[in-house]
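Please read the structure below before turning to the comments.
The values are calculated or read from the model by the stated rules, or taken from the named source; none is laboratory data. Source: prediction; values computed, not measured. Please note: Cβ atoms are built from the backbone with ideal geometry, for glycine as well, and neighbour counts cover all protein chains shown. Keep in mind that these areas ignore ligands, DNA and RNA; they rest on the heavy atoms of the full protein, side chains included. Shrake-Rupley method; radii C 1.70, N 1.55, O 1.52, S 1.80 Å.
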Amino acid sequence: MKVLVATEKPFAAAAVEGIRKETEAAGNELVLLEKYTEKSQLLAAVADVDAIIIRSDKIDAEVLAAAKNLKIVVRAGAGYDNVDLAAATQHGVVVENTPGQNANAVAELVFGLLVSAVRGFYNGKAGTELLGKKLGILAFGNVGRNVARIAKGFGMDVYAYDAYCPADVIEAAGVKAVACQDALFEQCDVVSLHIPATPETKQSIGYDLVGKMQQGGVLVNTARKEVIDESGLLRLMSERPDLRFVTDIKPDADADFQALEGRYFSTPKKMGAQTAEANINAGLAAAKQITAFFNDGCTKFQVNK
Ligand code: 3PG
């Protein structure tokens, strides 16, 4: 079998090495397409492969149609909104993710962004501390749980809301469960987003919701660009000079947010999962899932059932 690693944003070398070892030990061949810039390169690379490992790379209907031998796509990471699941199912292709494998890396970046925001992006003026502040975690999945763990080390008062996770599960993790999304924004000094991009969540974080935040509130986005209603948030931030927004996913309206001097920061490229450890964890998990699929028909992490 031929396994393609197609990563516009490449894994660390050690992760690629691990994927190669796992793939070759299983008797399969590994091919690499890294740092590609054109979709045509991806279309050419998928032509004769049986499996693909990707990150945020887009696998749409055209790519699936071009991949005549394809049987499985593994998204080395959590979110799979970059894969056309319906088209994959139509082509008989199994789609999997590797949940949890890069969660700590993303959670650590939340605090990198947050400390820099509350210290005024190191402008030399007196900032504020995280100790004793209320942190709201929106969605209590793998990343949200890691954020809660780290927040306790900072001495923060931790709250969470998750439409799909019962309150008692949140409370069992030593986190205060709130009844709804609105309450999370109303009660907290900082809200960190960990929701996937779905039809329900797209553009759901905007003027009304963020406007409920306390004075001096900070919004942290390490989830997806699409969940933000950019024009609503911009309007709110122009009316509320106390609010700050830090993000690991550059908004389309980046230039407009940049104009809110001293209250906004975006990483130049999504960096949350970009650590050697997360690359090794997620990349190797993806390679092992492909081995298990070809050897035993295992589809434990399938997301297009
Ligand atoms: C994920 O969904 O796992 C994260 O957003 C990481 O995405 P990346 O692999 O493109 O960095």
Residue with peak Gaussian network fluctuation, the chain [Cα springs, cutoff 10 Å], from 256, 57, 162: 256
Charge dipole magnitude, Cβ of K and R +1, D and E -1 - the chain, Cα centre, debye nearest 20: 460 debye
Under 23 Å from residue 269, Cα to Cα: lysines that are on another chain or at least 8 residues apart: 9, 35, 39, 58, 202, 225, 250
Separation of the residue 69 and residue 13 label points, Cα + 7 Å toward Cβ, nm: 2.9 nm
Loop sites in the range 51-118: trypsin sites (Lys or Arg not before Pro), DSSP, at most 16 other Cβ within 10 Å: 58, 68
Excluding exposed DSSP-loop GluC sites (Glu not before Pro) (at most 11 other C-beta within 10 Å), longest clean stretch of the chain: 39-199
Magnitude of the charge dipole, the range 35-192, Cβ model with Lys/Arg +1 and Asp/Glu -1, debye to 20: 480 debye
Solvent-accessible area per residue for the chain (1.4 angstrom probe, square angstrom): 44 Å²
Within the chain, longest stretch free of exposed chymotrypsin sites (Phe, Trp or Tyr not before Pro) [DSSP loop, at most 13 other beta carbons within 10 Å]: 165-305
Dipole of the chain [Lys/Arg +1, Asp/Glu -1 at C-beta], most positive-end residue of 5, 44, 92: 5
Restricting the range 111-195 to trypsin sites (Lys or Arg not before Pro) in coil, as DSSP defines it, with at most 16 other Cβ within 10 Å: 119, 125
Cα→Cβ-extended label distance, 7 Å offset, between residue 168 and residue 231, nm: 4.5 nm
Per-residue HN-Hα couplings for the range 205-217 [Karplus 6.51, -1.76, 1.60; θ = phi - 60°; Hz; x = Gly/Pro]: 9, x, 3, 5, 5, 5, x, 7, 5, 4, 4, x, x
In Hz, Karplus ³J(HN,Hα) per residue of the range 255-264 (6.51, -1.76, 1.60; θ = phi - 60°; x = Gly, Pro): 4, 5, 5, 4, 5, 7, 3, x, 10, 8
Estimated FRET transfer efficiency (residue 176, residue 203; beta-carbon r; R0 30 Å; 0.05): 0.65
Stretchable slack from residue 131 to residue 38, in nm (0.36 nm times residue separation minus alpha-carbon distance): 28.9 nm
